[in-house]
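Written out below as structure tokens is the structure these notes cover.
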Amino acid sequence: MQLGTIDWIIILGFFALALIIGAVVSKRAGRSSSDFFVSGRNMPWWLLGFSMVATTFSTDTPNLVTDIVRKTGVAGNWVWWAFLLTGMLTVFVYARLWRRSKVMTDIEFYELRYSGRLAAFLRGFRALYLGVFFNIMIMATVSLAAIKLGGIMLGLQPWESILYASIVTVLFSSMGGLTGVLLTDFVLFIIAMTGAVAAAGVAVQHADVQGLQGLFSHPAVAGKLNLVPHLERAADGGFSPESVNLLVSVMIIPLAVQWWSVWYPGAEPGGGGYLAQRMLAAKDERHATGAVFFFNIAHYALRPWPWIIVGLASLVVFPDLASIREAFPQVDPSVVEDDLAYPAMLTFLPRGLLGLVLASLVAAYMSTISTHLNWGSSYVVNDFYRRFLRPQASERELVRVGRLSTVLMMLAAGLIALELRNALQAFHILLQIGAGTGLIFILRWFWWRVNALSEMVAMAVSFLIACYFQFVHAHLFPAVPLEDWQRLLIGVTVTTACWLTAAWLGRPADRATLRRFCARVNAGGPGWKTIYAEAEREGDPIRAQHAAVHLPSSILCMLFGTFAVYAALFAAGLWMYGEAVSAFLMTVLFLGSAAGLGTAWKRKSTAEQGASS
């Protein structure tokens, strides 16, 4: 595509702004590792919330949604909509607990919660496994989208897209640390959402689409609009196997199993990763909770529809992969998949708007990559380099190591990105690697028997099962193909059984560690009664620094919050569909759930204040 002068001005101006922000805060970020990785623990909820949303909106996100919509329709998005349950549980339970822990990274948590050499080994190993290996895989999937975007819109070779997209990102993220990332994310999110809405507006005005009414009535789109999977009748009167499999794979399994059992970046059960990093950087518990609440509302209720609209419009303009290949012969045929339809639709943008949308996608890329670089670097520096290699390292040395690690991780991610093919493929690989580990991240705060061995077992077993399904199963049992949801269910079942066995048979953390953990965090619930009772009998009762979390009212808040966000999401879609009655009912459900949440929150606060007094 040919960019006009105004397009280049917008893009280059955006790059300059990001670099200026990084340069302005570089002095503050370089003072200490705490400033570089958690911004001195003094960030407000709104800035942290915007950063969380910006990070989870990357260049590959609209590609992934487009891939899902083209393959399984709007209802296919339940594979990630189901993670809202995880998010709301984090809002009303885990955000406060993370802020109370006062660790610098969620990996440091291992030596707060567990004891002995195995806890130390787990901390060091997870720092490299998540901070380097897993983190690089995530950045590679994001960079794959940059490759496809550059190939479609600018005619760049894959290596050129990676090089140009990463240079500015590495510069400002290594200069400004987390503060630079947060401030830049605020601007990036506004630009990214403006571009997403603009792209949807242009898509529905395409000559083949003819507005929203023309889009929703088009034969290629009509069967893709259901908000929940539709069961179709087969010739024998029963339900067709294909529709049953779709219902199970994209809705039942995600809602019944996936949300609590799978570790996935940005939707970790119990919080974690870069979300935990932002909760740890909050001013206090209230700001940590507010940040995650804002993130979940924006991520699930406000953002999806512009991407969905473009994905649906692409079915009209590019009905199959052959049409995409024909329109873009310069693109490597090996990467032409359904996720390529999103950048393909952007080629119809007029000048000026083209520069804005392209800048918005670059902004989305930079916000995600910068976060993952800073987050992964915090593991390398705090939980490996300082903990095991150089305990006496100065703060300036730690910052230098952090900046060096960002460059090396970006290089590795770019190389791996050249080997991937589509966003949905990478999504399922990451889900399978984390299958079965989620429940342990939920229960370790509330059950004293969870130990370091159980975490090691969960991590090892889930990874081995993922490798088996990815590289071995098809060769050993070619006549027994498995759907992605079947693989996930097997991985969850086996992994959960293994780590629960390790929790029962393994040695718990020593009593002193468990008592210190209770005193600092005071998670509440029945799982700590043994520890509190022992301390009472020994005449040394645990003196908690905070009021215990009231779990029943917290879970009630979670449910009301979940219904409110889902209702808002569906109401927006149904109003656009023109289904006024259903849209009105969803709007009423949203208002009722929001009111219920307010009442439940007041009861929760009253119960916790009463317990503390």
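The values are calculated or read from the model by the stated rules, or taken from the named source; none is laboratory data. Given the structure is predicted, the values throughout are model-derived calculations rather than measurements. Reconstructed Cβ throughout: ideal geometry from the backbone, glycine too, with neighbour counts over all protein chains shown.
Starting from the stretch 482-495, keep only residues that are touching a residue at least 24 places away in the same chain (Cβ under 8 Å) and closer than 12 Å to Val262 by Cα, then list their pairs with residues that are outside any helix (DSSP H, G or I) and of a type in the set (Ser, Thr, Tyr) whose Cβ atoms are within a distance under 7 Å, requiring at least 6 positions of separation or different chains.
Partner pairs satisfying both residue conditions: Thr495/Thr437.
From Arg515, Arg520, Arg507, which residue is in contact (Cβ under 8 Å) with a residue 24 or more places away in the chain and outside any helix (DSSP H, G or I)?
Arg507
Are there any helices (runs of 4 or more DSSP H) wholly within the stretch 66-136 with 2 or more residues that are of a type in the set (Lys, Arg) and over 30 Å from Lys224 (Cα atoms), and if so which?
95-101, 116-128
Keeping to the stretch 378-398, report how many residues are farther than 22 Å from Lys27 by Cα and either among the acidic types (Asp, Glu) or not in a loop (DSSP other than H, G, I, E, B) (or both).
Within the stretch 378-398, residues that are farther than 22 Å from Lys27 by Cα and either among the acidic types (Asp, Glu) or not in a loop (DSSP other than H, G, I, E, B) (or both) number 6.
Considering only residues that are under 22 Å from Ala509 (Cβ atoms) and β-branched (Val, Ile, Thr), which ones fall in the stretch 450-494?
Listed by number, the residues that qualify are Val450, Val457, Val461.
Every residue, every condition in (1) of a type outside the set (Gly, Ala, Ser); (2) in contact (Cβ under 8 Å) with a residue 12 or more places away in the chain; (3) closer than 24 Å to Gly273 by Cβ, yes or no:
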{"position": "Thr5", "(1), (2), (3)": "yes, no, no"}
{"position": "Ile10", "(1), (2), (3)": "yes, yes, no"}
{"position": "Phe15", "(1), (2), (3)": "yes, yes, no"}
{"position": "Leu19", "(1), (2), (3)": "yes, yes, no"}
{"position": "Val25", "(1), (2), (3)": "yes, yes, yes"}
{"position": "Phe37", "(1), (2), (3)": "yes, yes, yes"}
{"position": "Arg41", "(1), (2), (3)": "yes, yes, yes"}
{"position": "Pro44", "(1), (2), (3)": "yes, yes, yes"}
{"position": "Leu47", "(1), (2), (3)": "yes, yes, yes"}
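Tell me which residues, restricted to the stretch 386-404, are without any contact (Cβ under 8 Å) to a residue 12 or more places away in the chain and among the hydrophobic types (A, V, I, L, M, F, W, C).
Passing the criteria: Leu389, Ala393, Leu404.
Of Ala544, Ala572, which residue is of a type outside the set (Val, Ile, Thr) and assigned to a loop (DSSP other than H, G, I, E, B)?
Ala544
Select from the stretch 230-278 the residues that are of a type in the set (A, V, I, L, M), more than 20 Å from the chain's Cα centre (by Cα) and surrounded by fewer than 16 Cβ atoms within 10 Å (Cβ to Cβ) and list them in ascending order.
Passing the criteria: Leu231, Ala234, Ala235.
So Cys498 ticks every box in (1) out of contact with any Leu (no Cβ under 9 Å at 6 or more places or on another chain); (2) assigned to a loop (DSSP other than H, G, I, E, B); (3) buried (at least 17 other Cβ atoms within 10 Å of the Cβ) but one. Which box is left unticked?
(2)
Quick one: Trp98 ticks every box in (1) buried (at least 24 other Cβ atoms within 10 Å of the Cβ); (2) without any contact (Cβ under 8 Å) to a residue 12 or more places away in the chain bar one, so which box is it?
In the conditions (1) buried (at least 24 other Cβ atoms within 10 Å of the Cβ); (2) without any contact (Cβ under 8 Å) to a residue 12 or more places away in the chain, Trp98 misses (2) alone.
Any idea which residue in the stretch 348-405 is surrounded by the fewest Cβ atoms within 10 Å (Cβ to Cβ), counting only those that are of a type in the set (Gly, Ala, Ser) and modelled with pLDDT under 85?
Here the answer is Gly352.
Filter the stretch 575-610 for residues that are in contact (Cβ under 8 Å) with a residue 60 or more places away in the chain and exposed (fewer than 14 other Cβ atoms within 10 Å of the Cβ) and give the result.
Gly578, Gln609
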